[in-house]
1. Would you tally the residues in the range 21-39 being under 14 Å from the mean Cα position of the chain (by Cα) and surrounded by fewer than 16 Cβ atoms within 10 Å (Cβ to Cβ)?
2. Considering only residues that are over 18 Å from residue 104 (Cβ atoms) and at pLDDT 95 or above, look in the range 44-58 and name the one that is surrounded by the most Cβ atoms within 10 Å (Cβ to Cβ).
3. When residues of the range 102-114 are filtered for being surrounded by 16 or more Cβ atoms within 10 Å (Cβ to Cβ) and closer than 18 Å to residue 129 by Cα, how many remain?
């Protein structure tokens with residue numbers, strides 16, 4: 001069976017990481033949209049972006065990723081999307097906060113190579129879809 005193709009939305013203020021992850025997901029046949037920070041992400045989502053998964057960094061200027069996720073939830077932006085934290089921070093408090101916000105996965109960039117990020121994101125999307133059925 002052919003693997004399903006997804007629309008992946010990546011929010012990160014680091015352009016190198018945006019490019020690297022975009023390349024990885026596009027190389028696997030997925031559609032990728034990027035946002036270079038919280039404000040850019042919210043503009044695109046409010047304009048109607050409908051990703052299957054949102055990968056959100058935590059440490060960003062202006063507002064952090066947790067605040068972005070709270071707004072996405074509150075405004076019901078991309079209501080069916082799998083929400084994934086993709087951050088270099090991996091402290092228990094961060095993991096707990098992400099869980100409280102109802103995220104589907106938490107990936108620590110520093111401990112995960114891009115191919116593993118791809119695999120974990122796809123598994124999280126599949127698990128999220130299975131819960132909704």
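The values are calculated or read from the model by the stated rules, or taken from the named source; none is laboratory data. None of the values given here were measured: they were computed from a predicted structure. Positions of Cβ are generated from backbone atoms using ideal geometry, with glycine treated the same way; all protein chains shown enter the neighbour counts.
1. 2
2. So, considering only residues that are over 18 Å from residue 104 (Cβ atoms) and at pLDDT 95 or above, the one surrounded by the most Cβ atoms within 10 Å (Cβ to Cβ) is 44.
3. Total meeting the criteria: 4.
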